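The values are calculated or read from the model by the stated rules, or taken from the named source; none is laboratory data. Computed from a prediction, not measured in an experiment: that's the story for all the values here. Please note: Cβ atoms are built from the backbone with ideal geometry, for glycine as well, and neighbour counts cover all protein chains shown.
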């Protein structure tokens with residue numbers, strides 16, 4: 001069996017008494033498009049935030065290319081209040097919790113559910129800023145312009161990326177003045193500037209009209225092939241999810257309830273129940 | 001496109017060179033005790049510290065109020081280092097203590113050391129404090145500045161800081177000479193060059209990759225972190241650099257004043273600087289400079305009459321007496337905050353195109369009124 005690019009093992013996230021994600025295990029293989037779906041409040045974004053280092057999971061392990069990136073077990077106050085499963089599995093492991101920037105450095109880039117662009121900057125600067133991660137200059141060489149070659153390369157890369165994403169004509173406009181669909185695109189372009197291998201998209205089609213959603217689906221395929229990406233996304237639009245995903249995971253009330261190809265998911269009874277509710281006796 | 005940019009840059013540099021030339025000519029022709037020079041010198045020093053505060057508050061989005069503390073550290077470091085060793089041992093300054101430091105350095109090393117010492121303190125204080133956000137950070141840094149002021153007056157540190165007594169006889173502005181000669185350096189020009197170089201460095205920083213990272217943190221911390229910008233490292237960097245330049249401006253202030261006493265670096269001073277930053281526009285370097293000259297000119301020169309009995313030819317010693325200037329000043333500030341809350345420049349920079357556009361718009365308005 002080939003090694004997975006990203007693997008979650010027994011990831012549990014508990015806030016106070018609420019178990020937002022419970023014992024969630026999954027994997028994303030290289031070159032796949034995997035979707036995570038579930039009703040509102042099912043814990044999808046929480047799972048995302050655990051992967052990207054925003055939250056420290058209460059329990060569980062996350063591996064990237066077979067290396068442990070995050071590992072945690074209930075500690076502190078949670079030791080007593082833990083309500084999830086498998087508390088003993090990682091008890092003897094040392095807690096590892098990277099900051100989001102370290103996760104990005106590994107090659108995992110993300111976008112946000114509610115677009116988070118750098119508001120005061122132009123389209124061009126938004127992308128250029130994201131190149132800072134891979135820049136090798138230190139503060140002295142950048143102040144005294146000793147690394148002007150790298151700076152020039154960064155600017156050329158930004159130009160190229162913007163042209164490829166069809167955003168070049170907006171380059172000097174303020175990021176927030178773009179139409180909504182373009183802002184999404186810019187956010188993805190900015191994520192691409194960090195040179196990721198795995199792209200995490202948090203509801204990329206949120207707030208888009210049907211036309212824009214349609215474009216998005218071909219756009220995701222396009223960038224996946226062009227930049228050799230693996231895509232893991234959260235999405236509500238079933239047309240989009242069913243159209244492009246290789247595999248789908250379903251969360252409901254924090255627990256995984258199904259996994260499989262779009263066809264399997266479509267006919268899965270538990271999924272239908274979770275989405276449509278159980279029918280009462282008539 | 002690129003050519004136009006180059007031309008603009010050349011024009012900017014020409015203007016700056018012209019400004020320095022004018023200052024040199026003024027210094028060679030005018031009385032050195034003229035109030036104009038006081039205003040220019042103090043204005044330049046405050047420009048530097050305001051710009052350094054703007055780097056933190058305006059560009060990195062860290063609301064810090066420790067500027068006076070770092071200026072104090074810079075001023076003391078400079079004064080202690082550049083005081084000639086025979087003065088230190090002769091008990092003319094250190095009356096009650098045996099001075100602990102027995103060597104002395106030149107102006108350049110003194111200034112650099114002032115900056116580095118402030119930066120070192122900033123680094124140490126930043127480790128715990130920069131994990132705080134917004135108001136809490138402001139309170140913590142303000143507290144730090146007050147603690148520094150108290151500690152520098154502490155008896156036990158007397159052999160270094162001379163306790164609560166003042167320091168003098170170090171190399172002040174009148175004693176600076178042109179390197180390798182005995183010719184005195186024109187003092188205003190010296191301050192302008194020192195502050196100018198520092199501000200230039202800050203501008204270069206802001207327009208570099210790191211400056212963009214700072215702005216990203218200001219705009220959206222979560223997104224900046226997700227784009228791989230280490231929040232703590234970059235905040236610490238900005239804090240240390242800002243304090244470095246605050247330290248240098250403190251040293252320049254010490255040179256300007258001939259004496260240094262910890263007592264004067266009160267939190268009031270930080271508020272003054274914050275005021276300059278707000279008036280100039282948070283996030284605008286040129287705004288900070290303009291506002292600082294404006295502020296100093298008003299408080300040191302144009303509004304002075306309000307305290308002295310006569311203002312604009314009106315002689316009313318009953319009304320215009322000590323303290324009235326502060327009142328008028330407060331009203332001006334309230335007007336600015338109420339009606340020009342974005343400051344003079346907003347977050348834009350001064351440029352020729354902007355000046356031209358400003359006058360064209362004015363002309364247009366006038367024409368419309370006529371029609």
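Could you figure out which of (1) within 17 Å of the chain's Cα centre (by Cα); (2) closer than 24 Å to residue B:225 by Cα; (3) crowded, with 17+ Cβ neighbours inside 10 Å isn't true of residue A:58?
Of everything listed in (1) within 17 Å of the chain's Cα centre (by Cα); (2) closer than 24 Å to residue B:225 by Cα; (3) crowded, with 17+ Cβ neighbours inside 10 Å, residue A:58 misses just condition (1).
Looking at the structure I just gave you, is residue B:273 modelled with pLDDT of 85 or more, within 14 Å of chain A (Cβ to nearest Cβ) and within 29 Å of residue B:143 (Cα to Cα)? Quick ask: steps written out before the conclusion?
Details: modelled with pLDDT of 85 or more: yes; within 14 Å of chain A (Cβ to nearest Cβ): no; within 29 Å of residue B:143 (Cα to Cα): yes.
It is false that residue B:273 is modelled with pLDDT of 85 or more, within 14 Å of chain A (Cβ to nearest Cβ) and within 29 Å of residue B:143 (Cα to Cα).
Quick one: would you say residue A:43 is touching a helix residue (DSSP H, G or I) at 6+ places or on another chain (Cβ under 8 Å), crowded, with 19+ Cβ neighbours inside 10 Å and at positive phi?
Numbers: touching a helix residue (DSSP H, G or I) at 6+ places or on another chain (Cβ under 8 Å): no; crowded, with 19+ Cβ neighbours inside 10 Å: yes; at positive phi: yes.
In short, no.
Output the residues belonging to segment B:254-287 that are in contact with a strand residue (DSSP E or B) (Cβ under 7 Å, 6 or more places away or on another chain) and part of a loop (DSSP other than H, G, I, E, B).
So the first thing to find is which residues in segment B:254-287 are in contact with a strand residue (DSSP E or B) (Cβ under 7 Å, 6 or more places away or on another chain), and the list is B:254, B:259-260.
B:259, the sole residue that qualifies.
Among the residues of segment B:49-64, how many are part of a loop (DSSP other than H, G, I, E, B) and within 16 Å of residue B:272 (Cα to Cα)?
Residues in segment B:49-64 being part of a loop (DSSP other than H, G, I, E, B) and within 16 Å of residue B:272 (Cα to Cα): 2 in total.
Within segment B:65-100, track down each residue that is part of a loop (DSSP other than H, G, I, E, B), under 18 Å from the mean Cα position of the chain (by Cα) and over 30 Å from residue B:220 (Cβ atoms).
The first filter runs over segment B:65-100 and keeps only residues part of a loop (DSSP other than H, G, I, E, B), leaving B:65-66, B:83-84, B:90-100.
Still in the list and also under 18 Å from the mean Cα position of the chain (by Cα): B:65-66.
Residues satisfying the conditions do not exist here.
Answer yes or no: is there a residue in segment A:128-140 that is over 21 Å from residue B:231 (Cβ atoms) and surrounded by 13 or more Cβ atoms within 10 Å (Cβ to Cβ).
There is no residue in segment A:128-140 that is over 21 Å from residue B:231 (Cβ atoms) and surrounded by 13 or more Cβ atoms within 10 Å (Cβ to Cβ).
Any chance segment B:173-185 includes a residue that's in contact with a helix residue (DSSP H, G or I) (Cβ under 8 Å, 6 or more places away or on another chain), touching a residue at least 60 places away in the same chain (Cβ under 8 Å), buried (at least 17 other Cβ atoms within 10 Å of the Cβ) and within 13 Å of chain A (Cβ to nearest Cβ)?
No, because not a single residue in segment B:173-185 is in contact with a helix residue (DSSP H, G or I) (Cβ under 8 Å, 6 or more places away or on another chain), touching a residue at least 60 places away in the same chain (Cβ under 8 Å), buried (at least 17 other Cβ atoms within 10 Å of the Cβ) and within 13 Å of chain A (Cβ to nearest Cβ).
Within segment B:342-353, is even one residue in a helix (DSSP H, G or I) and either at pLDDT below 80 or in contact with a strand residue (DSSP E or B) (Cβ under 7 Å, 6 or more places away or on another chain) (or both)? Steps first, please.
Taking segment B:342-353 and keeping what is in a helix (DSSP H, G or I), we get B:352-353.
Going one step further and asking which of them are either at pLDDT below 80 or in contact with a strand residue (DSSP E or B) (Cβ under 7 Å, 6 or more places away or on another chain) (or both), we end up with B:352-353.
Within segment B:342-353, one or more residues are in a helix (DSSP H, G or I) and either at pLDDT below 80 or in contact with a strand residue (DSSP E or B) (Cβ under 7 Å, 6 or more places away or on another chain) (or both).
Could you list all residues from segment B:69-128 that are free of Cβ contacts under 8 Å to residues at least 24 places away in the same chain and buried (at least 22 other Cβ atoms within 10 Å of the Cβ)?
B:88
Of everything in segment A:133-166, what is within 21 Å of residue A:99 (Cβ to Cβ) and either more than 7 Å from every other protein chain (Cβ to nearest Cβ) or more than 29 Å from the chain's Cα centre (by Cα) (or both)? Give them in sequence order.
Once the filter is applied, which keeps residues that are within 21 Å of residue A:99 (Cβ to Cβ) and either more than 7 Å from every other protein chain (Cβ to nearest Cβ) or more than 29 Å from the chain's Cα centre (by Cα) (or both), segment A:133-166 yields A:134, A:136, A:138, A:139.
Restricting attention to segment B:144-172, which residues are in contact with a helix residue (DSSP H, G or I) (Cβ under 7 Å, 6 or more places away or on another chain) and within 30 Å of residue B:28 (Cβ to Cβ)?
B:169, B:170, B:171, B:172, listed by residue number.
Got a sec? Which of B:245, B:232, B:256, B:293 is modelled with pLDDT of 90 or more, within 29 Å of residue B:82 (Cα to Cα) and within 14 Å of another protein chain (Cβ to nearest Cβ)? Walk me through it before giving the result.
Details: B:232 fails: within 29 Å of residue B:82 (Cα to Cα); B:256 fails: within 14 Å of another protein chain (Cβ to nearest Cβ); B:293 fails: within 14 Å of another protein chain (Cβ to nearest Cβ).
Only one candidate qualifies: B:245.
Considering only segment A:167-184, how many residues are over 26 Å from the mean Cα position of the chain (by Cα) and within 14 Å of another protein chain (Cβ to nearest Cβ)?
Count: 1.
Give, as residue ranges, the strands (runs of 3 or more DSSP E) completely inside segment A:225-282 that count at least 3 residues that are more than 30 Å from residue A:192 (Cα to Cα).
Passing ranges, in order: A:255-260.
Does residue B:290 meet the test of being in a helix (DSSP H, G or I), under 18 Å from the mean Cα position of the chain (by Cα) and surrounded by 13 or more Cβ atoms within 10 Å (Cβ to Cβ)? Steps first, please.
Working: in a helix (DSSP H, G or I): yes; under 18 Å from the mean Cα position of the chain (by Cα): yes; surrounded by 13 or more Cβ atoms within 10 Å (Cβ to Cβ): yes.
Answer is yes for this residue.
Residue B:226 - would you say it is buried (at least 21 other Cβ atoms within 10 Å of the Cβ), within 14 Å of chain A (Cβ to nearest Cβ), in contact with a strand residue (DSSP E or B) (Cβ under 6 Å, 6 or more places away or on another chain) and farther than 23 Å from residue B:26 by Cα? It would help to see each step written out before you state the result.
Working: buried (at least 21 other Cβ atoms within 10 Å of the Cβ): yes; within 14 Å of chain A (Cβ to nearest Cβ): yes; in contact with a strand residue (DSSP E or B) (Cβ under 6 Å, 6 or more places away or on another chain): yes; farther than 23 Å from residue B:26 by Cα: yes.
Answer is yes for this residue.
For residues that are assigned to a helix (DSSP H, G or I) and within 14 Å of chain B (Cβ to nearest Cβ), scanning just segment A:185-194, find the one that is surrounded by the most Cβ atoms within 10 Å (Cβ to Cβ).
Quick first cut of segment A:185-194, residues assigned to a helix (DSSP H, G or I) only: A:185-192.
Then drop every residue that is not within 14 Å of chain B (Cβ to nearest Cβ), which leaves A:186-192.
Details: A:186: 22, A:187: 22, A:188: 20, A:189: 23, A:190: 28, A:191: 25, A:192: 20.
By that ranking, first place goes to A:190.
Which of (1) closer than 22 Å to residue B:237 by Cβ; (2) at pLDDT below 90; (3) in contact with a helix residue (DSSP H, G or I) (Cβ under 9 Å, 6 or more places away or on another chain) does residue B:103 not meet, given it meets every other one?
The single condition residue B:103 does not satisfy is (1).
For residue B:197, indicate whether it is within 14 Å of another protein chain (Cβ to nearest Cβ), surrounded by fewer than 15 Cβ atoms within 10 Å (Cβ to Cβ), over 30 Å from residue B:220 (Cα atoms) and out of contact with any helix residue (DSSP H, G or I) (no Cβ under 6 Å at 6 or more places or on another chain). Steps first, please.
On the way: within 14 Å of another protein chain (Cβ to nearest Cβ): yes; surrounded by fewer than 15 Cβ atoms within 10 Å (Cβ to Cβ): yes; over 30 Å from residue B:220 (Cα atoms): yes; out of contact with any helix residue (DSSP H, G or I) (no Cβ under 6 Å at 6 or more places or on another chain): yes.
So residue B:197 passes the test.
Need at least 3 residues that are farther than 20 Å from residue A:198 by Cβ and within 14 Å of chain B (Cβ to nearest Cβ) per element, so show me which helices (runs of 4 or more DSSP H) inside segment A:17-132 make the cut, counting only ones lying wholly within it. Walk me through it before giving the result.
On the way: elements: A:44-51, A:78-81, A:100-106, A:123-130.
Those helices (runs of 4 or more DSSP H) span A:123-130.
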